[in-house]
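**Student:** The structure under discussion is supplied below as structure tokens; questions concerning it will follow.
The values are calculated or read from the model by the stated rules, or taken from the named source; none is laboratory data. Bear in mind that the values here come from a model prediction, so they are computed numbers and not experimental data. Note: accessible area is taken over every heavy atom of the protein model, side chains too, but ligands, DNA and RNA are not part of it. Shrake-Rupley method; radii C 1.70, N 1.55, O 1.52, S 1.80 Å.
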Amino acid sequence: MSGYTEYTKIDLKYLTYKTEELLELANNRYKITTQVSNRAKRRKYEDIDIIDDPVNKPIIKAIIEMVDEMTEPEILED
């Protein structure tokens, strides 16, 4: 049951909201899905420590980062 408590740390409503937001912003759902997947794969191989951490799964970070990049372009300008 300890695995269950680890997964409760993830705010699933927030993640669902961000995923829906990303899909709404995308012109092509297939393309954005592929981009999220590729970013998550890169992150997985760059930082091996995050693989076992359910809160910091590469796919979750990729989704949130991509939404932020699309909704707040000033982040990239710095």
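**Student:** Using protein chains only and a probe of 1.4 angstrom, how many square angstrom of Thr71 are accessible, to the nearest 10?
**Tutor:** 60
**Student:** Heavy atoms of the protein only, probe of 1.4 Å, neighbouring chains included. What is the accessible area of Glu72 in Å², nearest 10?
**Tutor:** My reading of the accessible area for Glu72 is about 70 Å².
**Student:** Per residue of the range 25-33, in order, report the coupling 6.51 cos²θ - 1.76 cosθ + 1.60 (Karplus, θ = phi - 60°) as ³J(HN,Hα) in whole Hz, putting x for Gly and Pro.
**Tutor:** 6, 6, 7, 9, 5, 4, 4, 5, 5
**Student:** A follow-up question, please. Can you give the accessible area of Ile32 in Å² (nearest 10), computed on protein heavy atoms with a 1.4 Å probe?
**Tutor:** 10
**Student:** Same structure again: Take Lys57, Lys44, Lys31, Lys18 and sort them by solvent-accessible surface of the protein heavy atoms, 1.4 Å probe, largest at the top.
**Tutor:** If we order Lys57, Lys44, Lys31, Lys18 from most to least accessible, we get Lys31, Lys44, Lys57, Lys18.
**Student:** By its C-alpha gyration tensor, with a ≥ b ≥ c as the square roots of the eigenvalues, how is the range 10-49 shaped: rounded for a/c under 1.5, else prolate for a/b larger than b/c, else oblate?
**Tutor:** Note, shape of the range 10-49 comes out oblate.
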